[in-house]
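The values are calculated or read from the model by the stated rules, or taken from the named source; none is laboratory data. All figures in this text were calculated on a predicted structure; none of them were measured in a lab. Every residue, glycine as well, gets a Cβ built from its backbone with ideal geometry; the counts of neighbours run over all protein chains shown. These area figures cover heavy atoms from the full protein model, side chains too; ligands, DNA and RNA do not enter into them. Shrake-Rupley method; radii C 1.70, N 1.55, O 1.52, S 1.80 Å.
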Amino acid sequence: MVRVYRNSTELMNLHGAPIYMADMLNACLRGRLNLFLQGDTGSGKTQLAADAMSYFPEGKSLFILGRNDMDTRELFQQINLEKLKTAKSSSEIKELTDKIDANLIVVDELPNCLPAVRAQVFNLFDGYIEISGRKYNIGKDYSVGIATGNIGQKFTESSNELGRALKDRMHVIIDTDYFKPTSADTLEILSGNTNPRVEFTQEEANSVNIIKSYKQLESELKKQIHFEKMLVVNYLIHGLDICHVGGVLTSKTKLKESWPNKVDSNQQGSDEALVLPVSIRAAKSIMRLSTALDEIAKSKGGKIDADFGDFDSMMQAYKFVSAYSGVLNDALVQEKYNGDKYSAMDALIEATKGEFERQKENLARMVEMVKKGKKIKGISDEFQGRWSFVEGTLEGLVKQS
Ligand SMILES: Nc1ncnc2c1ncn2[C@@H]1O[C@H](COP(=O)(O)OP(=O)(O)OP(=O)(O)O)[C@@H](O)[C@H]1O
Ligand SMILES: [Mg+2]
């Protein structure tokens, strides 16, 4: 059987290869990153999530429809945990949770779930369930979640409970409305099958082995130090934290609620007022997503550019991890980019590329020194202000290599 979801709108071009929505889904599965699909009604979110099930053997994925009359007991029933109510000791509970062997859990229309159910769904996505304050791992070393929802952008705002929970627990949030299928796609979709229901497909015979790819990716990230990626990720965590208030360098994070209003007026149009630094959690997701995207681009014939290849995939991963993660200044995005978070991220990527191009030679010289095992000392005036993270990064890299 073939996957049903069609969409040939490019999310990006990476290393010369086009990356589509289905590739992004694949990258999230390989990176074991929980994916939230939001968007207008009827845009194929459920279909894409259902297609994801075809990457796993039959019986290793679960599909749950979020309903506001489902309580945790019913959720547990759906994941074959109905015996839980009779289990008394924690060892009995463990025996039951060990038996849950789903690799993929799809929750359609997650915003309909009650908060208590939602909390357990997020736990399941991360590979455990929580009973009386104790965590019980489910019986698999790989589990990932995909959820969908269509109540608009409001619920990803950190002001509400669902928004916060989504940002904390979903690693990648994609607004599918910005990447609609082309007219050629819709022609093909409509000429094939006009049944408006979602089709569920079986595992594809030649399917990439997601779990194997995931394990390779994990060990790859552990055994090799990616100098360029480390510099980029530290720029996103530390470099983007720097801003000017009253002509003095300070930290956006420390400004708390005063960011972005306190930022000097001559910097109001720059990234200083547009974006907060990424969290360490987001940084981890970015590393994984960029590596997964590299693999997919390579499998499509892409060639990683020696100078900016790592930078490019890190930036694309940054875009898709961060756009809906709450780091953007929504008022400025509204004012300058008509509310389009992806345009704002594109502008940020452009500006960051300029920054890295200016520092390219300085950075290359430093990386060369680290690779040769030379001691980094007297880091010159080149790495000041938002670049002051470079010194510590290099020291860390010297220690590791
Ligand atoms: N890109 C697509 N490729 C193939 N089929 C599609 C695509 N988009 C939508 N469809 C088909 O259109 C119908 C509606 O899609 P689906 O139920 O996945 O939308 P949805 O985004 O989940 O909508 P809702 O927000 O109402 O749940 C299904 O039959 C589905 O197979
Ligand atoms: Mg749906």
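With contacts taken as Cα pairs under 8 Å and at least 6 residues apart, the chain reaches a relative contact order of 21 percent.
Calculated [222 nm] ellipticity per residue, helices only, for the chain: -14000 deg cm²/dmol; basis is -39500 (n - 2.57) per DSSP H run with n ≥ 4, divided by all residues, nearest 500. Accessible surface of residue 256, taken over heavy atoms with a 1.4 Å probe and every protein chain present, rounds to 150 Å².
Here the extension length gained between residue 199 and residue 225 equals 5.1 nm, from 0.36 nm per residue of separation less the Cα-Cα distance. With a 1.4 Å probe rolled over the protein heavy atoms of all chains, the accessible area of 37, 84 falls in the order 84, 37, largest first.
In whole angstrom, the chain maps to an equivalent ellipsoid with semi-axes of 37, 24, 23, each derived as √(5λ) from the alpha carbon gyration tensor and ordered largest first. Within the assembled protein chains, the solvent-accessible surface assigned to residue 194 is about 110 Å², based on a 1.4 Å probe. Based on C-alpha pairs under 8 angstrom that are at least 6 apart in sequence, segment 220-400 has a relative contact order of 25 percent. Segment 12-215 gives an Rg/Rh value of 0.98, both radii derived from C-alpha positions and Rh following Kirkwood.
Going 7 Å from the Cα of residue 215 toward and past its Cβ, which residues in segment 2-41 have a backbone nitrogen under 17 Å from where you end up? 30-32, by backbone N distance to the label point.
Bridges between two residues of the chain, per DSSP, are antiparallel at a rate of about 40%. Amide hydrogen proximity for residue 144: with H placed 1.01 Å from N in the peptide plane, the residues at 5 or more positions away or on another chain lying under 5 Å are 104, 105. In this view, the solvent-accessible surface of residue 56, computed with a 1.4 Å probe and all protein chains in place, comes to about 0 Å².
Residue 355 to residue 183: extension gain in nm, 0.36 nm per residue of separation minus the Cα-Cα distance? Write out the running numbers ahead of the final one.
On the way: separation 172, 0.36 × 172 = 61.92 nm, distance 3.79 nm.
Gain in length upon complete extension: 58.1 nm.
Which percent, nearest 5, of DSSP beta bridges in segment 34-149 are antiparallel? Counting only bridges with both partners in segment 34-149, antiparallel ones make up about 25 percent. With the simple model of a label 7 Å out from the Cα in the direction of the Cβ, residue 365 to residue 190 spans 6.1 nm.
Among DSSP bridges having both ends in segment 97-156, what percentage is antiparallel? Round to the nearest 5. Could you put the intermediate results ahead of the total?
Numbers: 4 of 8 bridges.
Given both bridge residues lie in segment 97-156, the antiparallel proportion sits at roughly 50 percent.
For segment 317-401: lysine pairs with Cα atoms under 27 Å, gap of 8 or more or different chains, count? Count of close lysine pairs: 20.
Backbone phi angles across segment 42-54, fed through the Karplus curve with coefficients 6.51, -1.76 and 1.60 (θ = phi - 60°), yield HN-Hα couplings of x, 8, x, 4, 5, 5, 5, 5, 5, 4, 4, 5, 6 Hz in residue order; Gly and Pro are listed as x.
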